[in-house]
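Colleague: Quick one: the structure is below, and I'll ask about it shortly.
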Amino acid sequence: MQNIYWDLLKKNREKSKDRRIETLFQSDKNRFKEFAIEIEDLYFDYSKTNIDSETLKNLIAYAKNLKIMNSINAMFEGEKINVTEKRSALHTALRNFKANDLTNLYKINKKLLVRFKDLSKFCNQIRTGQKKSGSGSKFTDVVNIGIGGSELGPKLVTAALSEYHNGPKIHFVSNIDPSDILKIIKNLDPNKTLFIISSKSFTTTETINNAKKALKWVCEILGSNGLKNFVAVCSAKEKALDFGILKENIFEFDEWVGGRFSVWGPIGLPVMLSIGTDQFKNFLEGASQIDNHFKNEEVSYNIPIILALIGFWHSSICQYSSRAILPYDSKLEYLPTYLQQLDMESNGKSVNLNGERINYPTTPVIWGHIGTNSQHAFFQFLHQSNQVIPCEFLLGANCLDNKYYDSHHLQLIVNCLAQSEALMFGIKNETQFKEETNQHRNCDGNKPSTILIYKKITPKILGKLLAIFEHRTFAEGLLWNVNSFDQWGVELGKNIARRLTDSISQKDRNNNFSKSTLNLLNKIRKYKNF
Ligand code: F6P
């Protein structure tokens, strides 16, 4: 992996370590154009990073040397690129209804089209009130019970498209913490509430336990008719049937759709219910356009690949250990959390595709929050701490259709741009501070940032944005030579929790736990009096 280009990039880093980003604009008058990519209604600018033409050339050569386009093609073709689980990663097929030609995905496409039609029909019946609750009422509220990929995608998209809502009200329950389900159902009517039990495996502790409580809550009022208020979305039909879900209320998806890549299929049902099937199709269409871009555009003009190369440069070459996601758009409130799972579950790895340990950092810590709120929380750290955090700004050129709020939105725009200026220049460019000698006021600047501008959050543009991020994650995984589609690290903690449960219920008293944990358990017992 660490080939000649890696060495060249290290040399580039050595040479540019102390260089100011702003000087790059003096040596290259067209930098603002050359370090940017535009596709239709999206404009990606990476001119405020410390990447110069030489570095960019080596980054691109690194990607090409790895034959990145072949690996990308392999994903689209359904090759079993998730090697540890011997599965394809074909989430892109969920949004490509036009591909039902004579490719080797023909059968898959046909099946997906039928499933999409069934899901759309169900969705329309719920929205129109044709399909009723076990009490005979129209559903007014929908509760999605799911966690991780079975929550974060639909929650982000539902919130982002709130302007398009014209269906039942959507709620999300994920945590095993009882307060989570209680705070939602206490305001709902079991006669009018539909529950979607979303779980690829249909075994996730949080989801199954919350689903059982919801079932009891409904059936105490509606008896066995209450089952009409439950839908399962999963790739384990038998388990959903065992749970008691009615056959006609089970919507399946394939095991080759990773949980964190699954919002495009039946896991997106809450979104579909809130915005309707036509708008959901626009969401898929946007993503599909990016799929074509990712598959066909050459490396130097390919947004997900360039984003991945910047991520690789910052993490593995510059050794910056985190990345801040800063949407200046309240509609994207849940984007940082969604990207946390997407990037950290996909690429938080220390073993490569050949099963060997690697000695370079892979994905950085992903964190962030919406602007301008984040300015009043952690931007102090971005400007004055001695850590360098590459920042990713996202900004809509438009916000609401309501002109009355234009002045608010203008402030959002100027604040976003001002922050990217401040990160690059630091205090030196500000004339009013020229005489300032107090160190506590100093901002060094020279902090890299990128910005992705879009016209406005619509279903189509949101589809494009999320597909860009999905593909960046995969492309980064390729640059780091890791499998982006498994998540074995999450199993260990789950197993220990199971052993602890057995130990508490005395099924197994000889479990091997540390003295610290046993002591903590005793303290909790004492506080709890059980
Ligand atoms: O524990 C991690 C994980 O497996 C995620 O990858 C997944 O999105 C989440 O749990 C939920 O899994 P499921 O959809 O099977 O309930």
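The values are calculated or read from the model by the stated rules, or taken from the named source; none is laboratory data. Quick caveat, the model's predicted, so the values are computed rather than measured. Cβ coordinates were reconstructed from backbone atoms using ideal geometry, including for glycine residues, and neighbour counts include every protein chain displayed. Protein only, heavy atoms only, side chains kept; ligands, DNA and RNA dropped before computing areas. Shrake-Rupley method; radii C 1.70, N 1.55, O 1.52, S 1.80 Å.
Colleague: I'd like to check one number: the per residue accessible area of the chain, probe 1.4 Å, reported in Å² as a whole number.
Modeller: Numbers: 24860 Å² over 530 residues.
I get 47 Å² per residue for this part.
Colleague: Ok, one more. Using a 1.4 angstrom probe with every protein chain in place, what is the largest-first accessible-area order of Arg499, Arg127?
Modeller: Working: Arg499 80, Arg127 55 Å².
Solvent-accessible surface, decreasing: Arg499, Arg127.
Colleague: When the accessible area of the stretch 437-502 is split by element with a 1.4 Å probe, what percent falls to carbon and sulfur?
Modeller: The C+S portion of the solvent-accessible surface of the stretch 437-502 is 57 percent.
Colleague: Which percent of the accessible area of the stretch 124-201 is formed by carbon and sulfur heavy atoms (probe 1.4 angstrom)?
Modeller: Percent of accessible area from carbon and sulfur atoms in the stretch 124-201: 49.
Colleague: Could you sort His408, His91 by accessible area so the largest value comes first, with the probe set to 1.4 Å?
Modeller: So, going from the largest accessible area down, we get His408, His91.
Colleague: For the pair Val365/Glu430, report the inter-label distance in nm, with labels modelled 7 Å from Cα in the Cβ direction.
Modeller: 2.6 nm
Colleague: Quantify, in whole percent, the carbon and sulfur part of the accessible surface of the stretch 278-376 (1.4 Å probe; protein heavy atoms only).
Modeller: Working: 1500 of 3540 Å².
Heavy-atom surface of the stretch 278-376 belonging to carbon and sulfur, 1.4 Å probe: 42 percent.
Colleague: Can I ask one more? So what is the 222 nm mean residue ellipticity for the chain from helices alone, if each DSSP H run of at least 4 adds -39500 (n - 2.57) and you divide by all residues, rounding to the nearest 500 deg cm²/dmol?
Modeller: Rounded to the nearest 500, the figure is -13500 deg cm²/dmol.
Colleague: In the stretch 73-183, if the dipole is taken from +1 on Lys/Arg beta carbons and -1 on Asp/Glu beta carbons about the Cα centre, which of Leu119, Ile81, Ser179 is farthest to the positive end?
Modeller: Checked the options; the winner is Leu119.
Colleague: Please list, in order along the stretch 444-449, the HN-Hα scalar couplings obtained from phi with the Karplus expression 6.51 cos²θ - 1.76 cosθ + 1.60 (θ = phi - 60°), rounded to whole Hz, x for Gly and Pro.
Modeller: My calculation for the stretch 444-449 gives 5, x, 6, 9, x, 8 Hz in order.
Colleague: Positive end of the dipole of the chain, charges at C-beta (+1 Lys, Arg; -1 Asp, Glu), about the Cα centre: which of Thr203, Ile68, His165 has its Cα farthest in that direction?
Modeller: Final value for the positive-end residue is Thr203.
Colleague: Using mean Cβ contacts within 10 Å as the protection proxy, how do 478-489, 181-192 order, highest first?
Modeller: Highest to lowest by the protection proxy: 478-489, 181-192.
Colleague: Report the extension gain between Asn166 and Lys528 in nm, rounded to one decimal, defined as 0.36 nm multiplied by the number of residues separating them, less their alpha carbon distance. Could the numbers behind the result be given before it?
Modeller: Values: separation 362, 0.36 × 362 = 130.32 nm, distance 4.55 nm.
Computed gain between Asn166 and Lys528 is 125.8 nm.
Colleague: Taking amide H positions as placed in the peptide plane 1.01 Å from N, state which residues far from Phe230 in sequence (5 or more) or on other chains have amide H under 5 Å from it.
Modeller: Under 5 Å from the amide H of Phe230 lie the amide H atoms of Phe195, each far enough along the sequence or on another chain.
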